[in-house]
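> I am attaching a structure below and will ask some questions about it afterwards.
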Amino acid sequence: MKKLRVGILFGGRSGEHEVSLLSAASVLNAIDKNKYEVVPIGITKEGRWLTAEHAQNLLAGKLTQEPRNLRAGDPQTTPGAAVLTRGEAVVVPPEPVQRQSGLVPFQSDAGPLRRSSDRAIDVDVIFPVLHGTFGEDGTIQGLLELADIPYVGAGVLGSAAGMDKDIMKSLFIAAGIPIVKHVTILRSAWEKDSRKAARLVEQKLKYPVFVKPANLGSSVGISKAHDRKELGPAIEEAAKFDRKIVVEQGVGGKKSKAREIECSVLGNDEPVASIPGEIVPIKEFYDYDAKYLDEGSQLIIPARLTKSQTKGVQELAVRAFQAVDCTGLARVDFLMDPKTGKIFLNEINTMPGFTSISMYPKLWAASGLGYSQLIDRLIQLGIERHADKKKNQYSR
Ligand SMILES: Nc1ncnc2c1ncn2[C@@H]1O[C@H](COP(=O)(O)OP(=O)(O)O)[C@@H](O)[C@H]1O
Ligand SMILES: [Mg+2]
């Protein structure tokens, strides 16, 4: 039987470039090479699409070491970087390409090109192992839709909605999912009248509050403001990253911090939830350093919840997945008030960290689905989704 050709997209222009290298290295290591012909495709930080023979090292599983704590940018654990320095350019033309049946690799830069499709990637399905901007936000998904290539994960709408903390909240509210109180401020409104904007926040919320750029990830641009003095600088910081700023009621109040519960969801039209897990950040909150640099944050699987709390979290996770029209996979994150036990949905991540030691796959492993099988299932779901979409007609 002909092997399925799977393109693994990694790197990319986002701030989570290095995290993506780690995730992709894990996927390349674990994917069943008896079933799949794997085509690693790196995207540089500048946005060039590359592939290289050198990528074979990744396929052969020559990881210098197992990723430990998702150490962002650590060259020791990011061999994919080689593809990005020595690769040959490839493109995905934004037009459906007749897929080749043989094992024709994509063609290189050499020679005059008549059409962009002359050096098109020839794959059956793509796994965009990309996090954050231009990877998890619907943009890559849009390109793959135009090219008519099946892909793993959420579509354009689900990705875009799951990326935007303001839109996501509107969808959660509409679905009756509990979230913390929040205020969304436009950067332009802040610049025009910052006192008015601050008043708006203080009318609705009590300190401490969390200030976030609406569209980003990895805690970049997020701060906790404990009082009015800290609110201005926190908003200024978030405003560097987006034109929309979300200010939220801090869970846990002044004295304690929120408990952080996460749940993995898998599926298309009938999604299922994993056993929930819990993160105990080493810092006051789970900021960038605590996520990727400092060791000591703990993952607790399963989360320390009662049976009914567990069931509640799983139900909410599936509802959140459906509320943003997600497909394939998502990690749904919750904040729990440590005193009252009340649970709020914090966010959904449509392409969560995906190294073998990341929360998303670990929760599935704990639920009985191993890492390689998880990759199989995701590829299958991507192909099913594409086939389902093929049933649509676009005109009468
Ligand atoms: N409303 C909140 N109350 C308490 N802690 C919060 C709140 N919002 C965010 N945090 C803390 O900040 C971290 C990052 O926020 P999050 O919204 O998950 O952003 P990102 O998309 O960058 O992961 C969370 O993991 C948590 O530690
Ligand atoms: Mg988060």
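The values are calculated or read from the model by the stated rules, or taken from the named source; none is laboratory data. Being a predicted model, the structure only gives us computed values, none of them experimental. A quick note on method: Cβ atoms are made from the backbone with ideal geometry, for glycine too, and the neighbour counts reach across all protein chains shown. Note: areas computed on protein heavy atoms with side chains; ligands, DNA, RNA excluded. Shrake-Rupley method; radii C 1.70, N 1.55, O 1.52, S 1.80 Å.
> Straight-line reach from residue 342: which aspartates and glutamates have Cα under 13 Å away, leaving out those fewer than 8 places along the same chain?
Within the straight-line limit of under 13 Å, residue 342 reaches these aspartates and glutamates: 260.
> If you put +1 on each Lys and Arg Cβ and -1 on each Asp and Glu Cβ, how big is the dipole of the range 230-373 around its Cα centre, in Debye rounded to 20?
500 debye
> Evaluate the Kirkwood expression for the hydrodynamic radius of the range 241-334, namely the inverse of the mean inverse distance over all pairs of different C-alpha atoms, and round to one decimal in Å.
In the range 241-334 this quantity evaluates to 14.8 Å.
> From the residues 177, 209, 220, which one has its Cα farthest along the dipole of the range 172-228 in the positive direction, the dipole being from +1 and -1 charges on Cβ of Lys/Arg and Asp/Glu about the Cα centre?
Checking the options against the dipole of the range 172-228, the answer is 209.
> Right, another one. Give the ranking of 95, 270 by solvent-accessible surface, highest area first, calculated with a 1.4 Å probe. Don't skip to the answer; put the middle values down first.
Values: 95 60, 270 160 Å².
Highest to lowest solvent-accessible surface, that is 270, 95.
> Give me Rg/Rg_expected for the range 172-306, where Rg uses Cα atoms only and Rg_expected = 2.2 N^0.38 Å with N residues.
Working: Rg = 16.5 Å, N = 135, 2.2 N^0.38 = 14.2 Å.
Here the answer is 1.16, to two decimals.
> Still on this structure: Go ahead and run the numbers for FRET between residue 315 and residue 289, Cβ-Cβ distance against an R0 of 25 Å, rounding to 0.05.
On the way: r = 33 Å, r/R0 = 1.33.
With R0 = 25 Å, the Cβ-Cβ based efficiency is 0.15.
> So, taking all protein chains as they sit and a 1.4 Å probe, how much accessible area belongs to residue 35, in Å² rounded to tens?
Approximately 100 Å² of residue 35 is accessible to the 1.4 Å probe.
> Also: I'd like the distance between the alpha-carbon centres of the range 185-238 and the range 270-292, rounded to an integer number of Å.
If we compute the Cα centre of each part, the gap is 23 Å.
> Farthest toward the dipole's positive end in the range 321-396, which of 336, 356, 382, given Cβ charges of +1 (Lys, Arg) and -1 (Asp, Glu) about the Cα centre?
Final value for the positive-end residue is 382.
> Per residue, how large is the accessible surface of the range 303-358? Use a 1.4 angstrom probe and give square angstrom.
Computed with neighbouring chains in place, this is 39 Å² per residue.
> Sticking with this one: Can you pull the three principal axis extents for the Cα set of the range 304-396, in Å, largest first?
For the range 304-396, the Cα extents along the three principal axes come out at 57, 33, 21 Å.
> Which of the peptides 360-373, 380-393 is most tightly packed, and how do the rest follow, judged by the mean count of other Cβ atoms within 10 Å per residue?
Descending mean neighbour count gives 360-373, 380-393.
> Can you list residues from other chains, or at least 5 along the same chain, whose modelled amide H is less than 5 Å from the amide H of residue 126?
7, 151, 152
> Please list, in chain and number order, the residues 5+ apart from residue 328 or on another chain whose amide H is under 5 Å from its amide H, with Hs placed from the backbone.
Under 5 Å from the amide H of residue 328 lie the amide H atoms of 267, 268, each far enough along the sequence or on another chain.
> Here's another thing I want to ask about it. How large a share of the accessible area of the range 138-275, in percent, is made up of carbon and sulfur atoms when the probe is 1.4 Å and the other protein chains stay in place?
Looking at the range 138-275 in its full context, I get 56 percent from C and S.
> Multiply the residue gap between residue 202 and residue 157 by 0.36 nm, knock off their C-alpha separation, and tell me the result in nm, one decimal place.
12.9 nm
> Next question. For the range 148-158, take each phi angle, set θ = phi - 60°, evaluate the Karplus expression 6.51 cos²θ - 1.76 cosθ + 1.60, and give the result in whole Hz per residue in order, putting x for glycine and proline.
6, 9, x, 8, 7, x, 5, x, 4, 5, x
> At a Förster distance of 45 Å, what's the computed FRET efficiency of residue 383 paired with residue 230, Cβ-Cβ distance as r, to 0.05?
0.40
> Could you check the simple spin-label distance between residue 342 and residue 192, using points 7 Å along Cα→Cβ, in nm with one decimal?
Between residue 342 and residue 192, the simple spin-label model gives 3.3 nm.
> What whole-number value in cubic angstrom gives the convex hull volume per residue for the C-alpha atoms of the range 113-232?
Output value, Cα hull per residue: 152 Å³.
> Now a separate question. Output the Cα-based Rg and Dmax of the range 172-250 in Å, rounding Rg to one decimal and Dmax to a whole number.
Cα only, the range 172-250: 11.9, 35 Å (Rg, Dmax).
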